[in-house]
Amino acid sequence: MAEKVKVSPQFRRLCTQFGNILGGESEIEAGPVCFVTRMTNLSETILGRRTRSPLVQMQMFSFESLDKNGRALCLGETAVHQNQVNRLMSNLRRRGIKVTALHNHWLKENPRLMYMHWEAIMNPVVFARRTKDSINFLG
């Protein structure tokens, strides 16, 4: 559970806006770090068993280290079906966001899942909008 973190009202408002744009729940962790989670509706099996685990379903986004110019370290991650990888990667890159990792987490999942991570130093609102525009097709 997140501890009570003392942050400026500006950071708190920015975190709420970040979460609203991404359509997820925002919270502020020590740092301060604005952390947003959003559940997908992927329908998967792992080892032949249906899963709705947050380890599979959850998308995560954050920003921290906000500078005086309003730019921050912004991070994102999601699971995608293997056949969606190229489209998501292209969408993010086209919007100036660096894709930093693409890998699997599980074995014997069906359909095949890959996990993508991305990053940027930019205004968190801009990052949230560009990320949302990039992932919208995932449903």
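All of the numbers you see were taken from the coordinates with simple rules; none came from a lab. Being a predicted model, the structure only gives us computed values, none of them experimental. So basically every Cβ, Gly included, is an ideal-geometry build from the backbone, and we count neighbours across all protein chains shown.
Under a plain spin-label model, where a point goes 7 Å from the Cα along Cα-to-Cβ, how far apart in nm are H103 and M58?
Taking the simple label geometry, H103 and M58 are separated by 1.8 nm.
To the nearest 10 degrees, how steep is helix 85-94 against the longest Cα principal axis of the chain, on a 0 to 90 scale?
Once rounded, one gets 20 degrees.
Rounded to the nearest 20 debye, what is the charge dipole size of region 9-138 about its Cα centre when +1 sits on each Lys and Arg Cβ and -1 on each Asp and Glu Cβ?
With only Lys, Arg, Asp and Glu charged at Cβ, the dipole is about 400 debye.
At R0 = 25 Å, how high is the FRET efficiency between Y115 and E27 if r is their beta carbon distance? Nearest 0.05 is fine.
For Y115 and E27, the calculated efficiency is 0.70.
Name the residue from H105, G70, T51 whose Cα lies farthest towards the positive end of the charge dipole of the chain, charges +1 on Cβ of Lys and Arg and -1 on Cβ of Asp and Glu.
G70
Net charge around K132, counting only other residues with Cβ within less than 11 Å of its Cβ (Lys, Arg = +1; Asp, Glu = -1)?
Details: positive: R38, R95, R129, R130; negative: D133.
Here the charged neighbours net out to +3.
What does the charge count near I121 come to, summing +1 for each Lys or Arg and -1 for each Asp or Glu among other residues with Cβ under 12 Å from its Cβ?
Net charge in that neighbourhood comes out at -1.
I'd like the FRET efficiency for R49 and R12, computed as 1/(1 + (r/R0)^6) with the beta carbon distance as r and R0 of 41 Å, rounded to 0.05.
The value I calculate is 0.50.
Residue by residue, what Karplus-based ³J(HN,Hα) values in Hz, rounded to whole numbers, does region 110-115 have, using 6.51, -1.76 and 1.60 with θ = phi - 60° and x for Gly and Pro?
Per residue, the Karplus-derived 3J(HN,Hα) values read 8, x, 4, 10, 10, 10 Hz.
Show which aspartates and glutamates lie in cross-link reach of K98 when reach means a straight Cα distance below 14 angstrom and same-chain residues fewer than eight apart are skipped.
Within reach: E77, E119.
Output the Cα-based Rg and Dmax of the chain in Å, rounding Rg to one decimal and Dmax to a whole number.
15.5, 50
Give the residue list of trypsin sites (Lys or Arg not before Pro) in region 103-139 that are DSSP loop and have at most 10 other beta-carbon atoms within 10 angstrom. Numbers along the way, then the final one.
Working: sites: K108, R112, R129, R130, K132; in loops: K108, R112.
When the trypsin sites (Lys or Arg not before Pro) of region 103-139 are filtered for loop state and at most 10 Cβ neighbours within 10 Å, K108 remain.
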